[in-house]
Each structure stands twice: as structure tokens, then as C-alpha cells.
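For reference, the structure discussed in these notes is given below.
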Amino acid sequence: MSLLGPTNFFPRVCSGPGPARSEELDAWLVVRHEGDAAGVGLAREAGGRGLVPSVDQSRQQERIARKQAEWLQKQERIARKQAEWAKEQERIAREQAEQLLAEALAELTQLKQGG
């Protein structure tokens, strides 16, 4: 079955200001504006809601999703490094406290011995 009419153009089956239902696509045909250009877009819901992204929009969304995933990975690496740094700082502080305690105990012992 050909979709083309007798003049080799698509026949008009609907006209008007709103979206047109396509039973074949199980979607609504809508006018889509991208920049200065206008074209046909698909919507999942009546009234033009639930637009199906164009190929360019899908690619852009994929790029954005990849960049967000990369950013999250970098943030996780930074958080791990910060946790390692904090743990190291805690270890250093504990060693310093232990050293000060040992020195204070040694001095106290020396004072008790009459030192």
C-alpha cells in the first residue's frame, strides 16, 4: 500500500491548529520548532505532551548523560581522596598525641623519681 496520493504527495487527512493522531504510529503528529526551522514531531500524548526527542535531541541527551556520569565519577574519586586524606590526618594527629602523652609520662616519671 502506497502512502502517496495520486499526485505523488502525501494526501491531507487532517488539518487544523492542534496535533493530529496517527493510528499507524500510535502517536500524535505535532509541529516541532527547532531554531528557525519547523518540522513534524511525534508526541506520545494528545495535546502534544510527551514529545519523542529528535535524533539530534537524543544524541545531545546522551552526551549530557555521559558528561554527568563522568562528573559523578570524578566527584566520587575526589570524595575517596578526601576520605583518605582525612584518615591520614587522623593517623598523624593520633601519633602526635601519643608522642606528647609519652613525653608527658616520661617527664612525670622523672619528676616522681626526684629528677
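Bear in mind these aren't lab numbers, they're just calculated from the coordinates by the rules spelled out. The shown structure was predicted, so the numbers you read here are calculated from the model rather than taken from an experiment. Reconstructed Cβ throughout: ideal geometry from the backbone, glycine too, with neighbour counts over all protein chains shown.
Using bins of 5 Å that start at zero, the share of Cα-Cα pairs per bin across the chain amounts to 2, 9, 8, 10, 8, 7, 6, 5, 5, 4, 4, 4, 4, 4, 4, 3, 3, 3, 2, 2, 1, 1, 1, 0, in whole %. The shape of segment 54-115 can be summarised by an equivalent ellipsoid whose semi-axes, obtained from the alpha carbon gyration tensor, come to 59, 4, 4 Å from longest to shortest. Other residues lying with their Cβ under 15 Å from the Cβ of Val13 contribute a combined charge of 0, Lys and Arg counting +1, Asp and Glu -1. Electrostatic bookkeeping for Arg66 treats Lys and Arg as +1 and Asp and Glu as -1; over the other residues with beta carbon under 15 Å from its beta carbon, the sum is +2. Comparing Val55, Ala86, Gly114 along the charge dipole axis of segment 54-115, the residue lying farthest to the positive side is Val55, per the Cβ-charge model. Rounded to the nearest 10 degrees, the angle from helix 55-112 to the longest Cα principal axis of the chain is 10 degrees. Local charge for Ala43 was computed over the other residues whose Cβ lies under 14 Å away, with Lys and Arg +1 and Asp and Glu -1, and equals +2. Among the trypsin sites (Lys or Arg not before Pro) within segment 1-108, which fall in a DSSP loop and have no more than 13 other Cβ atoms within 10 Å of their own Cβ? Passing both the DSSP loop test and the Cβ count: Arg12, Arg44, Arg49.
Here the dipole of the chain is about 220 debye; that uses its Cα centre as origin and unit charges on the Cβ of Lys and Arg (positive) and Asp and Glu (negative). Which residue, chosen from Val13, Gly35, Ala69, occupies the Cα position most advanced towards the positive end of the dipole of segment 10-115, where the dipole is computed from +1 (Lys, Arg) and -1 (Asp, Glu) charges on Cβ about the Cα centre? Sorting the options by dipole projection puts first Val13.
For Ala27, the residues 5 or more places off, or on other chains, whose built amide H falls under 5 Å of its own are Ser22. Across segment 40-45, computed HN-Hα scalar couplings (Karplus, 6.51 cos²θ - 1.76 cosθ + 1.60, θ = phi - 60°) run 8, x, 10, 10, 7, 10 Hz from first to last residue, x flagging Gly and Pro.
Listed from fewest to most Cβ neighbours within 10 Å, the set Leu51, Leu25 follows the order Leu25, Leu51. At most 14 other Cβ atoms within 10 Å plus a DSSP loop assignment makes a site exposed; report the longest stretch of the chain without any exposed GluC sites (Glu not before Pro). Answer - 46-115.
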